[in-house]
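See structure below.
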Amino acid sequence: MRLTIQVALRAAIARLDGAGVDAPANTARQLLSVATGRPREWLLAHDDETLPDAQAQTLESLLERVAAREPLAYVLGERGFHGITLKIDPRALIPRPETEMLVDLTLAALRALPAGAAVIDVGTGSGAAAIAIALGAPGAHVIACDVSADALSLARENADRLGARVTFLESDLLTNVPDLAPIVVANLPYVTREEIDMLPPEIQAHEPRVALDGGADGLDLVRRLLAQLSGDAVRRAALRHVWLEVGASQGPAARDLAQAAFPDARARILQDLARLDRVIAIEFES
Ligand SMILES: C[S@@+](CC[C@H](N)C(=O)[O-])C[C@H]1O[C@@H](n2cnc3c(N)ncnc32)[C@H](O)[C@@H]1O
């Protein structure tokens, strides 16, 4: 029987829907587009054409992985972030759009700081935020650290491919980071132990546990980072802005921790585009 694009698409949607995959229609269109090498608009306009055997096989192998609840970004091997395309694989967390806020805040703040100002991205994962900052502010000195050697190897590959100048360091938070910086950003693990067991299989079974587990209340790493930043007088004196991404339910608790760590600074909660608490901003007098 002739397999048309339309029939293949309908079958793919039904299969992904049956497997419990989120946004099955959108995901099926994306997979069909990858398998055929054609944009979605082309597929729509030619949906009565036959799908060649080789493309049908490619679609089948992609569908098999996504229906088994492997994350789409790992299956495709890439993810867009702040206008760049990052190579993505299970060595690091898949960057989320919410984290683009850390980049926007940093790029805006760098405009008011002297050229060559330093930025530290703590827990860089795939390098997403650090690389987007380095590309958006080529004069800045961007340092990125992570406790995971796997994540750092992916981050280095991404920086090389995209021509971003970033200094990468393996470090437990700031322990091995000698540099001082006026800007520190971090999207550290903030999922609570209880929540981890309720995450969808794409996340729970595939994304690195070290990128998710934030301890009993999700704020273990935030607490430790605040202690490192506030406990070192020299590092503390260099700070102008700290932006910490947190979970939507953690805003007030994280803000209070930040305010207690830095009583002389101003700590506040910033919301994301979905109007959820997302980032703790700590601003220091210059
Ligand atoms: C939620 S992921 C975020 C990754 C990246 N910032 C992003 O937004 O895509 C948290 C990252 O923090 C790293 N991490 C966890 N514990 C750490 C620690 N003690 N010191 C440094 N990095 C840590 C993980 O390896 C992971 O890459």
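The values are calculated or read from the model by the stated rules, or taken from the named source; none is laboratory data. No experiment lies behind these values; they were computed from the predicted model shown. Neighbour counts are summed over all protein chains in view; Cβ atoms, including those assigned to glycine, are modelled from backbone coordinates with ideal geometry.
Is it the case, given these coordinates, that L44 is more than 16 Å from the ligand (Cβ to nearest atom), modelled with pLDDT under 95 and out of contact with any Ser or Thr (no Cβ under 9 Å at 6 or more places or on another chain)? Against the criterion (more than 16 Å from the ligand (Cβ to nearest atom), modelled with pLDDT under 95 and out of contact with any Ser or Thr (no Cβ under 9 Å at 6 or more places or on another chain)), L44 qualifies. Taking the criterion of being part of a helix (DSSP H, G or I), in contact with a helix residue (DSSP H, G or I) (Cβ under 8 Å, 6 or more places away or on another chain) and in the same structural domain as S126 (by TED's automatic domain parsing), the only residue of the stretch 73-99 that qualifies is T99.
Against the test of being within 15 Å of S126 (Cβ to Cβ), crowded, with 17+ Cβ neighbours inside 10 Å and in the same structural domain as D121 (by TED's automatic domain parsing), the options L188, L219, L174 yield a single qualifying residue, L188.
Each row is one residue, and each column tells you yes or no for (1) of a type outside the set (A, V, I, L, M, F, W, C); (2) closer than 28 Å to L270 by Cα; (3) under 15 Å from the mean Cα position of the chain (by Cα).
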| site | (1), (2), (3) |
| --- | --- |
| G125 | yes, yes, yes |
| A132 | no, yes, yes |
| L135 | no, yes, no |
| P138 | yes, yes, no |
| V142 | no, yes, no |
| A151 | no, yes, yes |
| R161 | yes, no, no |
| L174 | no, yes, no |
| P182 | yes, yes, no |
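Starting from residues that are among the polar types (S, T, N, Q) and more than 11 Å from the ligand (Cβ to nearest atom), keep the ones in the stretch 159-193 and report whichever is farthest from F284 (Cα to Cα).
T192
Restricting to the stretch 81-96, count the residues that are more than 10 Å from the ligand (Cβ to nearest atom) and in contact with a strand residue (DSSP E or B) (Cβ under 8 Å, 6 or more places away or on another chain).
Looking only at the stretch 81-96, we keep the residues that are more than 10 Å from the ligand (Cβ to nearest atom), and these are 82-85, 87, 89-90.
Those still in the list that are in contact with a strand residue (DSSP E or B) (Cβ under 8 Å, 6 or more places away or on another chain) too: 85, 87.
Number satisfying all stated conditions: 2.
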